[in-house]
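J.: Starting off with a structure, shown below.
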Amino acid sequence: MTTMNKFFNILRDTCYICLQELKNVFRDQGVLIFLVVVPLAYPLLYSWIYNNEVAREVPVAIVDLSHSHTSREFTRMIDASPDTRVALRCNSLDEARQRIGRGDAYGVVYFPEDFQTRLNRMEQTHVGVYCDMSIMLAYKAIFQTCVAIQGELNSRIQVKLSGNYTDRENEITTRPLDFQEVPIFNNTAGYGNFIIPGVLMLIIQQTLLLGVGMAAGTAREKNNYGFLVPIHRRYRGVMRIVWGKAMAYLMIYVVMAAYLLCAVPYFFNFISLVTLSQLALFSLPYLLSCIFFSMTLSAMMRYRENVMLLVVFSSVMLLFMSGVSWPQSNIPAFWQGVSWLFPSTFGIRGFVRMNSMGATLTDVSTEYRALWIQTIVYFVLAHEVYRFNIAKARHAIHHRLLRLRLQAVSSSEDNQS
Amino acid sequence: MTQTKHTDPLTAEQGEGMQTPAGRTGFIAVFLRELHIIFTTPVYLICMFLLPMFVMVFFTTLMDQGQPNKMPVGIVDLDNTVTTRQLTRKLDAFQNTDVVAYYNSVDEARLAMQRNEIYGFMYFPKGTTDKLLASRQPKISFYYSYTSLTAGALLYKDLKTIATLGSAGVGSATMQARGYTQKQIMAFLQPIAVDLHAVKNPWTNYNFYLTTMLVPGCLMLFIFLLTPYSLGTELKFNRARKLLLVAGDDKWTLLLGKLLPQTLIFLSVFYLYSLYVYGILGFPHSGGTFHILLLGLLAVTASQGFGAFMFGLMPSLRMSMSTCSLWAVLSFSLVGTAFPVFAMDPAIEGIAQMFPLRHYFRIYQTSVFNDFPLSYAWVNLVAMIAFSLLPMLVAGNIRKAMREYKYME
C-alpha cells in the first residue's frame, strides 16, 4: 500500500510539474515563439525559398569569332537547353568578361576564329568555356550543358564521317558501349529535396535548445534568488522535475515532429519514402535526446536572451557536421568526434537516409543506437545538472536562514544588553 | 513582474561611478563605459572573440581538402573481364572516388548505399565485353545519389567519364588497328573539345567557395544579435537612465558611443578573418587589399546598423533579437551562394535584397573574388551604406525607449 502511495505521489508530482511547465511555455511569448511559431513557420519559408529545386536558364554570354554553321548550331543548342540560355552576344572575351562583372551572365562560351576551319580540316577543334566560379550551381549548369552539346555534335560528325548504312550502325559507331545514368533517390537533383530533410530535423533540435534554454533563463530570472527550480512542495525529487519537464516538451514536440517530418514533405511534394511506424520509432529517441540535451545546456543559461547568442550560430555548423552538405566520409576525424556530441548529427543522417533513400530502421541501426545512447547520457547529465542546481539552491537558502537567525540572535542580545 | 530583481554586477558598480570619473559625461564617457561593459561581461567576450574564431577554424579545417576526395563507391561486376576490371581500376584512380567494395547484385549495392557504406556504384551486366567485341552495343549503368548534392555531382562527373572512356577505348582500338595516327583518332573520337576555364578557382575548391560566405555570415550573425542585445540589456538591467545621463541626453552621443567600441572590436575580428583566409590560407582575392578592407568595414557597419534599427523599431530585447536571429539564419539561404537567387521565386529575389549578407556576397563576388571595379556593384555598395545609416531613422526612438520603456519579456 505504501509503495502504491509513493508511486501515486511521484506520478502526481510529475504530472503537476509537467502541467506547470506547459503553462509556462504557453504564457511566455518568447518561449512560445521558439517552441511553436518557429517550427511551424520556418519549414514553410525554407520550402518556399527552395521551391524551384533546380537552377534553370542560367544566362550565358557567347563570343563567336567563328561565325560558322557549327558555332551557330552550338549556340542555338545552348539556348535550347533547359539549364542555360543565351543572354548576350559579345564581340570579344573582354567585353563578355565585363558583362559578367555586372552580373548579366555567369559564363562565356568562346568560339575561336578557326573553330569551323579546323573541323573542315579534320583536326580537333576547341570551344572555350569560361565560368564564374562564385556560384557553383551556375557553373555546373553551364559546364554540363556544354559537355552534353559537345557530345551530341561529336556524334553527328562521327556519323557523317563513318559512311554507315543503317541507324543501328550509327548508334554503334558513336557509342559502342552504351550507358545509362541513374540518379537514384533524389532523381531531380533538386536542391530542396537535398537540403530540406536535414533542415527539418535540425529545426527540432535548435528550437528546443532555444525554447528550453529561454524557459530556464526565465525561471532563473523570475525566481527571487536566481534559482533554476522553484521552491515548492511538489518540486522535491530531481527525477520528478526532469521527467515532468521532459514530458511537457515531448508532448509539444510529438505534434511538431509530426508536422515537420510528415506534413511538410507532403505539402511541398518533397521525397518521402519512410513509413509512419518506422519514422515514429526513429523520432522517439531523437526527440528525447534533444530534450535532455537542451535541458542539460539550459541549466547554464543565466539570462533568457543569452541562449539566442549561443545557439543560433551553431545551426549552419551542425548542418555541415551531419554530412549533408559536405560528405560524411570526408569530415576530419576531430570534427567527426565533435559531431557525436549533438543529437542532430545522428538524427539528420538517419532521417535523410530513411526519408530520402528509403532505408529501414535496420539500415540506420548505427544512428538509431547512437540516439538511444545520447538519450541515456543526456538524461543522466540533465539529472545531475538539476540535482546540482537544487543542492546549490538548498545550500543558499540554508545559509540565508542561518544568517537571519544569527542576526535575530545578535539583535535580541543587543536589546537585552 | 517587477524589474528591480535583475541584479547585475555592473549596475552596482556603476552606482559607485566606477569606470566613469564622477560627473563625467559625453562621448568619451559613453565609449569607455561600453568598453568596460564588454570586457567585464563574459557573454560579450564569448560572442565577439571565442565563437567567431571557432567558426573560422571549424569551416576552414572541415573543408581543408578543398574537394571531397576518395569518396566510397562500389562495383557490381557480373562480367568480370579484363575490360571491366580495367574500367574499375581507372575509376579507382580518380581523385574523387575510391572503389571500396564489390557486390554481387544491384540490390546489394543499393542496400549498401542505404546503409551509407557507398555513395554510388557502377554496374557491368553479364556479357558486356562479349557484346562489345561483337559490336552489339552492351549497356552499363552507373548509380549515384543527389541526396548529398556535392558528393552526387562529383561522383557523377567521375562515373560518367569512365562510361564515356569505355566507348572511346573501343573506338580508339579499332582505329589503331586500321592504321590511323593518334591525331586522326583524336579528331574522330572528339572532333570538338571543350576547354574549361574555371576562372579564379581552377581547383573547384569548395573551401574557397563556401567558407568565404559561411564565416562572414556567422560573423554578421553575431553582430546582428549583439547589437540589440547590448542596447536591450541597458533596459533589462536598469542601466538605461544612467546611460542617458552619461550621454548627456544626446541621442547621437548615446548611439555612437555605444556602438563605436563594438564596431572597432568586430572590425578587428573581421580583418583577422580576412588576414587568415586571404593572407595565410591564400584564398583567391584578385580584387586586392583595399576591396577586402572596405568590404569588411561595410559588413560590420551594415550589420550593426540593421541590429540597431531593429531595436529602434521594437525596443524589446526579445523581439528585436528574435527578428535578428530570423534574419541572420535566413541570410544563409537568401545569400544565393549555394542555390542561386535568380533561380528562386521572383518575390524571394526581391526579399533577398533586404539581407545585408546578400549584398556582402555580391560585392565579394564582384570585387574581391573576381577583379572588377567596385562601381560594378554600386547598387550593393549603396545598399550596404543604407543599412549602415538605418539607425539614424530610429535614434530618437532609441533615446525614447531608454528614457521611458521598461524591459519587456
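The values are calculated or read from the model by the stated rules, or taken from the named source; none is laboratory data. Because the structure is predicted, anything quoted here is derived from the model rather than measured. All Cβ positions, glycine included, derive from the backbone under ideal geometry; neighbour counts span all protein chains shown.
J.: Looking at the stretch A:240-266 only, could you name the residues that are in contact (Cβ under 8 Å) with a residue 12 or more places away in the chain and among the small types (Gly, Ala, Ser)?
T.: Those that are in contact (Cβ under 8 Å) with a residue 12 or more places away in the chain and among the small types (Gly, Ala, Ser): A:GLY244, A:ALA246, A:ALA248, A:ALA257.
J.: Something else about it: From the list A:ASN223, A:ASN269, exactly one residue is over 26 Å from A:SER356 (Cα atoms), free of Cβ contacts under 8 Å to residues at least 12 places away in the same chain and surrounded by fewer than 24 Cβ atoms within 10 Å (Cβ to Cβ). Which is it?
T.: Being over 26 Å from A:SER356 (Cα atoms), free of Cβ contacts under 8 Å to residues at least 12 places away in the same chain and surrounded by fewer than 24 Cβ atoms within 10 Å (Cβ to Cβ) holds for just one of A:ASN223, A:ASN269, which is A:ASN223.
J.: Something else now. Taking the stated definitions as given, is B:LYS236 farther than 15 Å from B:MET310 by Cα, of a type in the set (Lys, Arg) and facing chain A (nearest Cβ under 9 Å)?
T.: In short, yes.
J.: Another question, if that's okay. Of these, B:LYS183, B:LYS200, B:LYS126, which one is of a type in the set (D, E, K, R) and buried (at least 16 other Cβ atoms within 10 Å of the Cβ)?
T.: Of the residues listed, the single one that is of a type in the set (D, E, K, R) and buried (at least 16 other Cβ atoms within 10 Å of the Cβ) is B:LYS200.
J.: Please name all residue pairs, on different chains or six or more residues apart, with Cβ atoms under 9 Å, provided the first residue is in the stretch B:235-246 and is in contact (Cβ under 8 Å) with a residue 12 or more places away in the chain and the second residue is of a type in the set (Gly, Ala, Ser) and assigned to a loop (DSSP other than H, G, I, E, B).
T.: B:LEU235/B:SER316; B:VAL246/B:GLY26
J.: Turning to a different aspect of this structure: Against the condition surrounded by 15 or more Cβ atoms within 10 Å (Cβ to Cβ) and closer than 30 Å to A:GLN20 by Cβ, how does A:VAL255 come out, does it pass?
T.: Criteria not met by A:VAL255.
J.: I'd like the residue in the stretch A:100-144 that is within 39 Å of the chain's Cα centre (by Cα) and surrounded by fewer than 17 Cβ atoms within 10 Å (Cβ to Cβ) and, out of all such residues, is farthest from A:HIS67 (Cα to Cα).
T.: A:ARG102
J.: Pull out all pairs, ordered by first then second residue, where Cβ-Cβ is under 9 Å, the residues are six or more apart or on different chains, the first lies in the stretch A:90-101 and is facing chain B (nearest Cβ under 10 Å), and the second is in a helix (DSSP H, G or I) and not polar (S, T, N, Q).
T.: A:GLN98/B:TYR376; A:GLY101/B:TYR376; A:GLY101/B:ALA377
Each row is one residue, and each column tells you yes or no for (1) closer than 29 Å to B:PHE361 by Cα; (2) of a type outside the set (Val, Ile, Thr); (3) not in a helix (DSSP H, G or I).
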residue: B:MET113; (1), (2), (3): no, yes, no
residue: B:ARG136; (1), (2), (3): no, yes, yes
residue: B:SER141; (1), (2), (3): no, yes, yes
residue: B:TYR144; (1), (2), (3): no, yes, yes
residue: B:TYR156; (1), (2), (3): yes, yes, no
residue: B:VAL170; (1), (2), (3): no, no, no
residue: B:LYS183; (1), (2), (3): no, yes, no
residue: B:PHE208; (1), (2), (3): yes, yes, no
residue: B:LEU214; (1), (2), (3): yes, yes, no
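J.: Ok, one more. I need the full set of residues from the stretch B:132-159 which are within 9 Å of another protein chain (Cβ to nearest Cβ), over 39 Å from the mean Cα position of the chain (by Cα) and more than 14 Å from B:VAL76 (Cβ to Cβ), in order please.
T.: Matches in the stretch B:132-159: B:LEU132, B:SER135, B:ARG136, B:GLN137, B:PRO138.
J.: Here is a follow-up. Is it the case that B:TYR119 is crowded, with 16+ Cβ neighbours inside 10 Å, modelled with pLDDT of 95 or more and in contact with a strand residue (DSSP E or B) (Cβ under 8 Å, 6 or more places away or on another chain)?
T.: no
J.: State which residue is surrounded by the most Cβ atoms within 10 Å (Cβ to Cβ) when the search covers only the stretch B:160-175 and only residues that are under 23 Å from A:PRO327 (Cα atoms) and more than 8 Å from every other protein chain (Cβ to nearest Cβ).
T.: Applying the filter and picking the extreme gives B:ILE162.
J.: Taking A:ALA263, is it closer than 29 Å to A:GLU53 by Cα and of a type in the set (Gly, Ala, Ser)?
T.: The answer is yes for A:ALA263.
J.: Sticking with this structure for a sec: Just the residues that are in contact (Cβ under 8 Å) with a residue 60 or more places away in the chain, part of a helix (DSSP H, G or I) and out of contact with any helix residue (DSSP H, G or I) (no Cβ under 6 Å at 6 or more places or on another chain), please, taken from the stretch B:288-308.
T.: If the condition is that a residue be in contact (Cβ under 8 Å) with a residue 60 or more places away in the chain, part of a helix (DSSP H, G or I) and out of contact with any helix residue (DSSP H, G or I) (no Cβ under 6 Å at 6 or more places or on another chain), then B:LEU294 is the only one that fits.
J.: Still on this structure, I have one more. Assess whether A:THR188 counts as being among the polar types (S, T, N, Q), more than 30 Å from B:GLY127 (Cβ to Cβ), within 14 Å of chain B (Cβ to nearest Cβ) and not in a helix (DSSP H, G or I).
T.: Yes.
J.: Still on this structure, I have one more. State whether the residues of the stretch A:345-367 include one that is over 23 Å from the mean Cα position of the chain (by Cα) and more than 14 Å from chain B (Cβ to nearest Cβ).
T.: For the stretch A:345-367, residues over 23 Å from the mean Cα position of the chain (by Cα) and more than 14 Å from chain B (Cβ to nearest Cβ): absent.
J.: If a residue must be at pLDDT 90 or above, aliphatic (A, V, I, L, M) and surrounded by fewer than 22 Cβ atoms within 10 Å (Cβ to Cβ), how many such residues does the stretch A:293-308 contain?
T.: 1
J.: Looking at the stretch B:343-376, which of its residues are assigned to a loop (DSSP other than H, G, I, E, B) and either crowded, with 20+ Cβ neighbours inside 10 Å or away from chain A (no Cβ under 11 Å) (or both)?
T.: Selection gives B:MET344, B:GLN353, B:MET354, B:PHE355, B:ASN370, B:PHE372.
J.: Counting just the residues of the stretch B:323-342 that are farther than 20 Å from B:GLY305 by Cα and free of Cβ contacts under 8 Å to residues at least 12 places away in the same chain, which one comes out farthest from the other protein chains (Cβ to nearest Cβ)?
T.: Among those that are farther than 20 Å from B:GLY305 by Cα and free of Cβ contacts under 8 Å to residues at least 12 places away in the same chain, it is B:PHE342.
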